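K.L.:
Structure in C-alpha cells, see below.
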C-alpha cells in the first residue's frame with residue numbers, strides 16, 4: 001500500500017449512523033429478521049434504494065418486491081445488508097473512473113452484475129456465505145475509485161492505459177502504475193471503517209484465496225475471484241471469461257453446476 005493511497009483512505013469520512021446500526025443488528029447473534037426491517041424502515045431513501053436494487057431484472061423475480069420485509073424474506077439478512085451497504089458506501093465517494101475507460105453507469109452495472117451472479121450462485125446451497133459475499137461482491141471494486149483519483153492526480157492516465165493494453169490485466173496495471181491494486185485498497189477501506197475481519201480477509205485475498213488469513217475464508221475468496229473473472233471490468237461476460245472462472249471453480253472444488261445455471265441467466 002502506498003502512502004498516497006493510504007492517506008486518501010484515512011481521510012475518508014466515517015460511515016453514517018444508519019450503516020453502523022445495520023452492522024450492529026447484523027453482527028448481533030440475538031437479532032432477528034424484524035430487527036433488521038425496523039432499522040431499514042427508519043431511512044426512506046435507503047429503503048427506496050434497496051427496493052430498486054432488489055427489483056433489478058438480474059435477480060429474476062417475476063413479482064415486484066414492494067416492502068423491505070419482503071426483500072429481507074426473499075434474499076435474507078446477509079444479502080439485504082449488501083444492498084444497504086452498497087447504497088451507503090457509494091454515496092461516500094466522488095466517482096471518476098475515466099482512467100479505466102468506464103463511466104459511472106458502467107461501474108454501477110459491474111457491481112450489480114457481480115453481486116447478482118454471487119447471489120444466484122450461492123443463495124440455495126451457500127446461503128450462509130452471503131453475509132460476507134453480498135457486500136464483498138457489491139463493493140470489491142470500490143478501491144478503483146481511489147486508484148483512479150491517484151492516477152488523475154499524478155497525471156498518469158496515458159501511462160495507465162498503456163499498461164492496461166500491454167499487460168491485459170487490471171490488477172497488474174494498477175500495481176505497475178500506482179503500486180497497489182483494487183482488492184488491497186478495498187480491503188484497507190473496510191478495515192479503516194472497522195468492518196469484521198472476515199469481510200476484510202475475503203476482499204484482500206480474492207485474487208489469491210490460498211493466502212487468506214482464516215482457512216474459512218478461502219472458499220468465499222475463491223467464489224469472489226471466480227465472479228470477478230466471469231464478469232470483467234466492462235461487464236461483458238464472454239466464453240473466455242466464463243472459462244477463466246471455471247478454472248478457479250475446479251481448482252477450489254466449488255459448485256460448478258450451480259454456477260453454470262446462474263451464468264446462463266446473464267448470457
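The values are calculated or read from the model by the stated rules, or taken from the named source; none is laboratory data. Remember, predicted model here, so these are calculated numbers, not experimental data. Cβ sites come from the backbone with ideal geometry, for glycine too, and all protein chains shown count toward neighbours.
K.L.:
Going through segment 142-171 one residue at a time, which ones are free of Cβ contacts under 8 Å to residues at least 60 places away in the same chain, closer than 24 Å to residue 93 by Cα and under 20 Å from the mean Cα position of the chain (by Cα)?
P.N.:
Answer for segment 142-171, where residues must be free of Cβ contacts under 8 Å to residues at least 60 places away in the same chain, closer than 24 Å to residue 93 by Cα and under 20 Å from the mean Cα position of the chain (by Cα): 142, 143, 144, 145, 148, 171.
K.L.:
So if I check each of 96, 35, 49, which one is free of Cβ contacts under 8 Å to residues at least 40 places away in the same chain, at negative phi, within 20 Å of the chain's Cα centre (by Cα) and surrounded by fewer than 21 Cβ atoms within 10 Å (Cβ to Cβ)?
P.N.:
49
K.L.:
So, one more: Does residue 112 fit the bill of being outside any helix (DSSP H, G or I) and within 20 Å of residue 264 (Cβ to Cβ)?
P.N.:
No.
K.L.:
Within segment 1-19, which residues are surrounded by 14 or more Cβ atoms within 10 Å (Cβ to Cβ) and not in a loop (DSSP other than H, G, I, E, B)?
P.N.:
4, 5, 6, 8, 9, 18, 19
K.L.:
Here is a follow-up. Please give the number of the condition residue 29 fails out of (1) over 13 Å from residue 85 (Cβ atoms); (2) in a loop (DSSP other than H, G, I, E, B); (3) in contact with a helix residue (DSSP H, G or I) (Cβ under 7 Å, 6 or more places away or on another chain).
P.N.:
With (1) over 13 Å from residue 85 (Cβ atoms); (2) in a loop (DSSP other than H, G, I, E, B); (3) in contact with a helix residue (DSSP H, G or I) (Cβ under 7 Å, 6 or more places away or on another chain) applied to residue 29, the lone miss is (3).
K.L.:
I've got another one for you. Can you confirm whether residue 150 is surrounded by fewer than 20 Cβ atoms within 10 Å (Cβ to Cβ), modelled with pLDDT of 90 or more, out of contact with any strand residue (DSSP E or B) (no Cβ under 6 Å at 6 or more places or on another chain) and more than 20 Å from residue 248 (Cα to Cα)?
P.N.:
no
K.L.:
When the residues of segment 59-93 are filtered to those that are in contact (Cβ under 8 Å) with a residue 24 or more places away in the chain, farther than 16 Å from residue 119 by Cβ and over 16 Å from the mean Cα position of the chain (by Cα), which remaining residue is surrounded by the fewest Cβ atoms within 10 Å (Cβ to Cβ)?
P.N.:
The residue in question is 69.
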